[in-house]
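**Q** One structure is given below, represented as structure tokens, and several questions about it will come after.
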Amino acid sequence: MIATEPKSSNELESSNGQKSAVTDGFHLVVDALKLNGIDTIYGVAGIPITDLARLAQAEGIRYIGFRHEQSAGNAAAITGYLTQKPGICLTVSAPGFLNGLVAVANATTNGFPMIQISGSSDREIVDLQKGDYEELDQLNAAKPYTKAAFRVSRPEDIGIGIARAIRAAVSGRPGGVYLDLTADVLGAALDADAGAKSLLRVVDPMPRQIPAPESIKRALDLLARAQRPLIILGKGAAYAQADADIRSFIEKTGIPYLPMSMAKGLLPDNHPQCAAAARSLVLAQADVVMLIGARLNWLLGHGKAPQWSPEARFIQLDISPTEMDSNRPIAAPIVGDIGSAVSALLTTLKPGSIRLSAAWLKAIGDRKQHNAESMAARLGRNPNPMDFYSALRAIRDVLRDKTDVYVVNEGANTLDFGRNVIDMHEPRKRLDSGTWGVMGIGMGYAIGAAVVSGKPVVAIEGDSAFGFCGMEIETICRYELPIVTVVFNNGGIYRGDDVNHSGGADPSPTILMKNARYDKLIEAFGGTGRHVTDPQGLTKALTDALASAKPAIINCVIDPTAGTESGHLQSLNPTSHIDSGRK
Ligand code: ADP
Ligand code: TZD
Ligand code: MG
């Protein structure tokens, strides 16, 4: 059982009869986390970390207990993204560890700082494969999927282990870190004074990385020669929390910008320089492109023609030097942290040095207006049943003046349409499937955002996406978090009308339960469920749910034929002729 008294309360009688205060691994872990300002742990309890969770809570760290480690890990990852402090996920050995590892891998892919702390079984049994309870060589399993992985094998190394994990998570390009704590280390006793001395508070774990002045000059010279410049803001720019300087640089230069999905709101989406509604035009025609915290990966077509002009030249601001030239040659790399880099750009920028061609701005303005009109027409329709547009219009209108609400979004069509329709007005308020396009982040991200901010969250979830993490509804109700989950229920992955080509009775691989009532799930846990079939019903249900600030699910019936296979990613989906009758 846990010692309810705080640390160093136990006393051991030594061989000479002297009593000396002792501490143990559990206390040292909690003390080390607190010393480094960690105030929240997300996890699932069990052998050997149950008492670690209890002790953390007893000592004032908020502990949020989940139903599945993957969601706990996702909550930790988004906490890291929102706060620049590593989010902590606590897991049990082997299966719990592996469940959490998916979230750590996803965090690493997205550049979110988090630490998965996992208990592990006895080394001598694991290493000789003698067959332990929950046996797994966790450290080696974690290595390929994490930014760094460490194991602590002596209680006196806990302080160093946690310090190294924190630095690895937040320095340079942030990522997911694994920290392995054996059951032996957790239970091991240590002289309390020696234990206290072994702990350290990390100094400046996320040091500024000031870019070379010549790299700033090279970039500004290139921009000065541009006719059709474009800035792309990625989630690295949002993460950097240099919001005012980024806005100032964009406004001072007048350069049109395109936000990647999680950078939406860094400047409000209705900003006159936002070129999101002219995306294909600006990608194809820009002659100098400045990437700020965005990788030229698949989300940007790898920078390749025909999406991009083969003549375009690139400036890239990134903390990771090896990101440069990963897809296209980078003519002006700026390696450093975005806060320092943008501030240096602002001080070096000479007024009037960047002149945009009027034709460029006009072409963008015209295309924006044209596309805005088509979008308004699509959003203006009121089909029955609802399609993605009419449902998202209702949500957009409810959220318009509630700019403090976090929006979590995942699915295929639900994600792709949601990104385009829901405007964001504040930085770091949109949290979505990110670099992997992963399903199942929804409830973890929603819980993490609600816990760190105390603000309301609206999670717009495809019905398939929701299923990956739906049991966390109980977690949301247990902690009474102000999260409204809107399930876009089109009865399937992408669509709800696919057929079994064998003619047999089983549903098609992409089909989910017809007429499922996700709203009823939350009622089992005392939350509010609403079933809506039209935009008016959705408007009212969402407005009421946000006003109550209580957990709610809105089951939102969407036309099963409204979506497209793979959403907007059809070009990535290889297809086969399944049978001759297939259309
Ligand atoms: P998006 O998906 O929004 O395009 P990416 O995740 O591809 O964004 O890119 C984010 C980039 O931002 C990464 O290459 C990462 O190294 C970089 N980055 C993250 N934090 C910082 C920072 N503080 N300063 C500079 N670059 C950063
Ligand atoms: N598993 C995981 C972890 N991530 C994935 N991206 C997938 C499977 C494959 N997948 C997608 O890429 S989107 C999607 C899956 C299963 C679900 C789409 O259905 P939905 O959204 O109901 O969430 P729409 O609105 O019906 O398209
Ligand atoms: Mg669906």
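**Q** Among the helices (runs of 4 or more DSSP H) contained in the stretch 28-133, which hold 1 or more residues that are open to solvent by 30 Å² or more (accessible area, probe 1.4 Å), within 16 Å of ligand 1 (Cβ to nearest atom) and at pLDDT below 95?
**A** none
**Q** For the stretch 178-217, how many residues meet the condition of being crowded, with 16+ Cβ neighbours inside 10 Å and over 21 Å from Thr83 (Cα atoms)?
**A** 18
**Q** Continuing with the same structure: For the structure I just gave you, tell me whether Ile460 is within 16 Å of ligand 1 (Cβ to nearest atom) and among the hydrophobic types (A, V, I, L, M, F, W, C).
**A** No; evaluated as a whole, the condition is false for this residue.
**Q** Still on this structure, I have one more. For the stretch 539-559, give me the residue count where each residue is out of contact with any Pro (no Cβ under 8 Å at 6 or more places or on another chain) and within 16 Å of ligand 3 (Cβ to nearest atom).
**A** 4
**Q** Within the stretch 158-174, how many residues are buried (at least 24 other Cβ atoms within 10 Å of the Cβ) and closer than 21 Å to Gly96 by Cβ?
**A** Count: 4.
**Q** Can you tell me which condition Ala516 does not meet? The list is (1) open to solvent by 60 Å² or more (accessible area, probe 1.4 Å); (2) under 23 Å from Ser433 (Cβ atoms), and all the others hold.
**A** Among (1) open to solvent by 60 Å² or more (accessible area, probe 1.4 Å); (2) under 23 Å from Ser433 (Cβ atoms), the lone unmet condition for Ala516 is (1).
**Q** Something else now. Anything in the stretch 491-540 that is basic (Lys, Arg) and within 16 Å of ligand 2 (Cβ to nearest atom)? List them, or say none.
**A** Once the filter is applied, which keeps residues that are basic (Lys, Arg) and within 16 Å of ligand 2 (Cβ to nearest atom), the stretch 491-540 yields Arg495, Lys514, Arg517.
**Q** For Asp579, which of the numbered conditions (1) more than 15 Å from ligand 3 (Cβ to nearest atom); (2) open to solvent by 70 Å² or more (accessible area, probe 1.4 Å); (3) modelled with pLDDT under 95 fails to hold?
**A** Every condition holds for Asp579 apart from (2).
**Q** Name every residue in the stretch 428-474 that is open to solvent by 10 Å² or more (accessible area, probe 1.4 Å) and under 23 Å from Asp39 (Cα atoms), in order of residue number.
**A** Across the stretch 428-474, the qualifying residues are Arg428, Lys429, Val451, Val452, Ser453, Gly454, Lys455, Pro456, Glu474.
**Q** Hey, another quick one. Which of the residues belonging to the stretch 396-420 are within 13 Å of ligand 2 (Cβ to nearest atom) and assigned to a helix (DSSP H, G or I)?
**A** Selection gives Asn413, Thr414, Leu415, Asp416, Phe417, Gly418, Arg419.
**Q** Also, I was wondering about something else. Across the stretch 454-490, which residue is nearest to Lys550 (Cα to Cα) among those that are in a loop (DSSP other than H, G, I, E, B) and near ligand 2 (Cβ under 8 Å from one of its atoms)?
**A** By that ranking, first place goes to Phe468.
**Q** Let me ask something else about it. Residues being under 18 Å from Ser508 (Cα atoms) and either in a strand (DSSP E or B) or open to solvent by 60 Å² or more (accessible area, probe 1.4 Å) (or both): count how many of those fall in the stretch 528-563.
**A** 1
**Q** So, one more: Can you name the residue in the stretch 397-413 that is crowded, with 16+ Cβ neighbours inside 10 Å and closer than 20 Å to Thr543 by Cα and is also nearest to ligand 3 (Cβ to nearest atom) among such residues?
**A** Only one residue fits best here, namely Asn409.
**Q** For the stretch 253-263, enumerate the residues that are open to solvent by 20 Å² or more (accessible area, probe 1.4 Å) and assigned to a loop (DSSP other than H, G, I, E, B).
**A** Result: Gly254, Met260.
**Q** Search the stretch 177-189 for residues that are more than 22 Å from Val102 (Cα to Cα) and pair each with any residue that is not in a helix (DSSP H, G or I) when their beta-carbon atoms are under 6 Å apart and the residues are at least 6 apart or on different chains.
**A** Ala183/Pro48; Ala183/Gly119; Val185/Val152; Leu186/Pro48; Ala189/Val22; Ala189/Asp24
**Q** Can you find, within the stretch 127-168, the residue that is farthest from the chain's Cα centre (by Cα) among those that are over 18 Å from Leu33 (Cβ atoms) and touching a residue at least 60 places away in the same chain (Cβ under 8 Å)?
**A** Tyr133
**Q** For the stretch 1-27, give me each residue that is part of a loop (DSSP other than H, G, I, E, B) and either among the polar types (S, T, N, Q) or at pLDDT 95 or above (or both).
**A** Scanning the stretch 1-27 gives Thr4, Ser8, Ser9, Ser14, Ser15, Asn16, Gln18.
**Q** Separate question: What single numbered condition from (1) within 16 Å of ligand 3 (Cβ to nearest atom); (2) in contact (Cβ under 8 Å) with a residue 40 or more places away in the chain fails to hold for Pro507?
**A** The failed condition is (2).
**Q** Scan the stretch 489-498 and tell me whether some residue there is open to solvent by less than 30 Å² (accessible area, probe 1.4 Å), more than 16 Å from ligand 1 (Cβ to nearest atom) and under 22 Å from Thr539 (Cβ atoms).
**A** yes
**Q** Residue by residue through the stretch 399-423, note down the ones that are touching a residue at least 40 places away in the same chain (Cβ under 8 Å), touching a strand residue (DSSP E or B) at 6+ places or on another chain (Cβ under 8 Å) and of a type in the set (A, V, I, L, M).
**A** Correct list: Leu399, Val405, Val407, Val408, Ala412, Leu415.
**Q** Now for a different question. Considering the stretch 236-252 alone, what residues qualify as being open to solvent by less than 30 Å² (accessible area, probe 1.4 Å) and without any contact (Cβ under 8 Å) to a residue 60 or more places away in the chain?
**A** Result: Ile250, single match.
The values are calculated or read from the model by the stated rules, or taken from the named source; none is laboratory data. Note that the structure is a prediction, hence the values are computed from the model and not measured. Glycine also receives a Cβ, built like all others from the backbone with ideal geometry; neighbour counts cover every protein chain displayed. Surface accessibility is based on the protein's heavy atoms, side chains included, excluding ligands, DNA and RNA. Shrake-Rupley method; radii C 1.70, N 1.55, O 1.52, S 1.80 Å.
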